[in-house]
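Colleague: Starting off with a structure, shown below.
The values are calculated or read from the model by the stated rules, or taken from the named source; none is laboratory data. The structure displayed is predicted, hence computed values, not measured ones. Neighbour counts are summed over all protein chains in view; Cβ atoms, including those assigned to glycine, are modelled from backbone coordinates with ideal geometry. To get the accessible areas, we keep the full protein, side chains included, count just its heavy atoms, and leave off ligands, DNA and RNA. Shrake-Rupley method; radii C 1.70, N 1.55, O 1.52, S 1.80 Å.
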Amino acid sequence: MILEKHNKRLKIFFRVSVCFHPRDNVLAIGISNELHLWDWWEDFKPFVTLKTGSDAEKILFCRFSPDGK
């Protein structure tokens, strides 16, 4: 699922990519240049946060392998 928000007055544009792991209780959310992984069954904060090499590199899509490996 891709969510997009654009505010013309403030000139802000961001994209959020969300996907669920096919077998485990893991939710991946890509926002700007960060990827957050949550155990949605047990925790209210991500157990892993990854960032791109620079703020100019954005995460557009996130996806788990269909077989969960």
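Colleague: Ranked from the most accessible area to the least, with a 1.4 Å probe and all protein chains present, what is the order of E34, E42, E57?
Modeller: Descending accessible area places them as E42, E57, E34.
Colleague: Right, something else. Report D39's accessible area, 1.4 Å probe, all protein chains in place, as a number in Å² to the nearest 10.
Modeller: 40
Colleague: Quick one: dipole size for segment 11-57, taken about the Cα centre, charges +1 on Lys/Arg Cβ and -1 on Asp/Glu Cβ, in debye to the nearest 20.
Modeller: Dipole of segment 11-57, to the nearest 20 debye: 220 debye.
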